[in-house]
Amino acid sequence: MRFAAFALIALCASSVQAAVINIKPSLITVFDAAFNDVTTTAIVGNDGNNVFLNPDAAGQAYTLQVDLSFTIGDLRPTELGFGNAAFNVGLNGQLTQSAAAPGWNPESGKTVDKNGAAPGGIVNKWADNGDYGVAGDLRGMVIGTDPPDFGPVGVDPRRAFGKNGDEYFGTVFLDIQAVPGSVGVITIEGDGGSTYDANNKLVAAGTTVTGGALAIYFGPEPSSGILLGLSGVLLVAFGRRFRR
């Protein structure tokens, strides 16, 4: 499946605007050095894009569980839903891959029922979900479904992935040292994708994959005005570095 996906992703140079797939990182859990859940005491502010960790925790090492999910929108009438997406994950500032759980941790073992009450409908949720670049570098990532295997409209849940809200598909664990004033940013860089049509075939022309970013700060949460300015400066700076 993934080789066909890569071939289709390569067609995304079309200038015709079509679907937009947005991949978003979200901080779910903060662990201490002994892998105890310290989320409630470690986080002093979180607006979904910026997380502020307790400045009184200086010197501690934290491991962060960051989940990735996607939404899909702006579908043309011929585009019925999510096919696949390729992307890279960038770590900047004080963020590094977790020493205890490095690399990509895909949602695994999850199945869906593609044909309801009819027998034989239990299938894997994802056809592709992995790091297909250099092992463990979080680049050359692909998440994909298998439209030719889809069940009926309104029955197979894969047809609606990302259309009605965030669709979770995997996790990265990141380490950060609690140094007052330090900042770490995880960024997602889209690298092409596809939708599927009424014939359950993948269509890549014009599909755009966009990526969100999540900034981690050590220090008290500033006012909203300062926060907006700081976020813009950081994301532009780290975005330029990631694209080089």
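Data table
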{"item": "Residue that is farthest from the chain's Cα centre (by Cα) [pool: residues in the stretch 88-101 that are assigned to a loop (DSSP other than H, G, I, E, B) and surrounded by 15 or more Cβ atoms within 10 Å (Cβ to Cβ)]", "result": "Gln94"}
{"item": "Index of the failed condition, Lys201 passing every other in (1) within 16 Å of Met141 (Cβ to Cβ); (2) open to solvent by 10 Å² or more (accessible area, probe 1.4 Å); (3) modelled with pLDDT of 95 or more", "result": "(1)"}
{"item": "The stretch 117-143 residues that are over 16 Å from Gly193 (Cβ atoms) and in a loop (DSSP other than H, G, I, E, B), paired with ones that are open to solvent by 50 Å² or more (accessible area, probe 1.4 Å) and not charged (D, E, K, R) (beta carbon under 7 Å, 6 or more apart)", "result": "Lys125/Thr111; Gly136/Pro102"}
{"item": "Residue match in the stretch 175-183 (condition: at pLDDT 95 or above and either assigned to a helix (DSSP H, G or I) or not charged (D, E, K, R) (or both))", "result": "no"}
{"item": "One residue from Ala99, Ala117 being modelled with pLDDT under 95, within 28 Å of Leu174 (Cα to Cα) and out of contact with any Ser or Thr (no Cβ under 8 Å at 6 or more places or on another chain)", "result": "Ala99"}
{"item": "Residue tally, condition under 20 Å from the mean Cα position of the chain (by Cα), open to solvent by 10 Å² or more (accessible area, probe 1.4 Å) and either of a type outside the set (Val, Ile, Thr) or within 20 Å of Asp32 (Cα to Cα) (or both), over the stretch 52-74", "result": "6"}
{"item": "Residue among Thr29, Thr39 that is surrounded by 13 or more Cβ atoms within 10 Å (Cβ to Cβ), over 30 Å from Leu75 (Cβ atoms), over 20 Å from the mean Cα position of the chain (by Cα) and modelled with pLDDT of 95 or more", "result": "Thr39"}
{"item": "Residue pairs meeting the criteria (Cβ under 8 Å; at least 6 apart or on separate chains; first open to solvent by 60 Å² or more (accessible area, probe 1.4 Å), in the stretch 158-182; second in a loop (DSSP other than H, G, I, E, B) and of a type in the set (D, E, K, R))", "result": "Tyr168/Glu107"}
{"item": "Within the stretch 154-170, considering residues that are closer than 16 Å to Ala85 by Cβ and in a loop (DSSP other than H, G, I, E, B), the one nearest to the chain's Cα centre (by Cα)", "result": "Asp166"}
{"item": "Selected residue [within 19 Å of Asn84 (Cβ to Cβ) and surrounded by fewer than 16 Cβ atoms within 10 Å (Cβ to Cβ)] from Gly193, Gly151, Gly133", "result": "Gly133"}
{"item": "Qualifying residue in the stretch 102-114 (condition: in a loop (DSSP other than H, G, I, E, B), modelled with pLDDT under 95 and open to solvent by 60 Å² or more (accessible area, probe 1.4 Å))", "result": "yes"}
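The values are calculated or read from the model by the stated rules, or taken from the named source; none is laboratory data. Fair warning: this is a prediction, and the values are worked out from it, not measured in the lab. Reconstructed Cβ throughout: ideal geometry from the backbone, glycine too, with neighbour counts over all protein chains shown. Ligands, DNA and RNA are stripped out before the accessible areas are found, and what is left, the full protein with its side chains, is counted by its heavy atoms. Shrake-Rupley method; radii C 1.70, N 1.55, O 1.52, S 1.80 Å.
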